[in-house]
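Working notes, structure below.
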Amino acid sequence: MNIINKKVAAVVLGLGVALGAQASQWSNSSPGLVDVTANETGTTTFTYDELSGQVSIIGSPTVVASSPSIFSHVTIGSYTPTAGTFFTVVVDWTVSGAVSGGAYSSLTTTIVASSTTGHIINQSESVSTEYDVTGAPEPAQTVAGAMLLGCSGLVFAGRRLFKKQSV
């Protein structure tokens, strides 16, 4: 009986340590699907929120573009490395000029955090955003749309302004 109680105590203690290590809760967010065009330059802000407020960042965050990537340039623009609950990572990016509409890619930022209370060591947290390349309209499509709009305006004005006046 004594051996069984020791085993049960060891299991309960092990579960308590495991649950204590997982007590940290993260709420990570980023924009959803972002529409971009070829050669576009912009930034995306990724937000990390550690709900218990007992962590600090270890080192610099990283950014990884999915393969194949639509980006010609991706870099960490800025980040908040201070201890606390709220971290932001700003990623600067440039879409390649060689991509066409419909191409998808994603950017994932990752931070490594440690607990200031010692419960969590080197916990990695990630958040991602997908990007969709929207095709730019052809010049002929732009001209055709302008002509259609202009002709429709003339027909409308002609019917309103030049109709027979009833006496």
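Rule-based calculations on the coordinates, nothing more; no lab input. Since this is a predicted model, take the numbers as computed values, not measurements. Note: ideal-geometry Cβ built from the backbone for every residue, glycine included; neighbour counts use all protein chains shown.
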Amide hydrogen neighbours beyond the local backbone of residue 28, cut-off 5 Å, H modeled: 49
Amide H contacts of residue 58 (H built 1.01 Å from N, under 5 Å, at least 5 apart or other chain): 112, 113, 114
Under the Karplus curve 6.51 cos²θ - 1.76 cosθ + 1.60, θ = phi - 60°, whole-Hz ³J(HN,Hα) for the range 36-46, x wherever Gly or Pro sits: 10, 10, 4, 6, 6, 10, x, 9, 10, 9, 9
Amide proton proximity set for residue 132, modelled H, under 5 Å, gap of 5+: 34, 35, 36
Rounded FRET efficiency, nearest 0.05, which uses the C-beta distance separating residue 151 from residue 43 and R0 of 35 Å: 0.25
Cβ crowding within 10 Å averaged over residues, with 48-54, 147-153 ranked highest first: 48-54, 147-153
From phi via Karplus (6.51, -1.76, 1.60), per-residue ³J(HN,Hα) for the range 70-79 in Hz, x at Gly/Pro: 8, 9, 8, 8, 9, 8, 6, x, 7, 7
Backbone HN-Hα couplings from phi across the range 54-64 [Karplus 6.51/-1.76/1.60, Hz, Gly and Pro as x]: 10, 10, 9, 6, 10, x, 8, x, 10, 10, 10
Sum of side-chain charges, residue 125 neighbourhood, beta-carbon under 15 Å (Lys, Arg +1; Asp, Glu -1): -2
Förster radius 22 Å - calculated FRET efficiency between residue 35 and residue 62 (Cβ-Cβ, nearest 0.05): 0.30
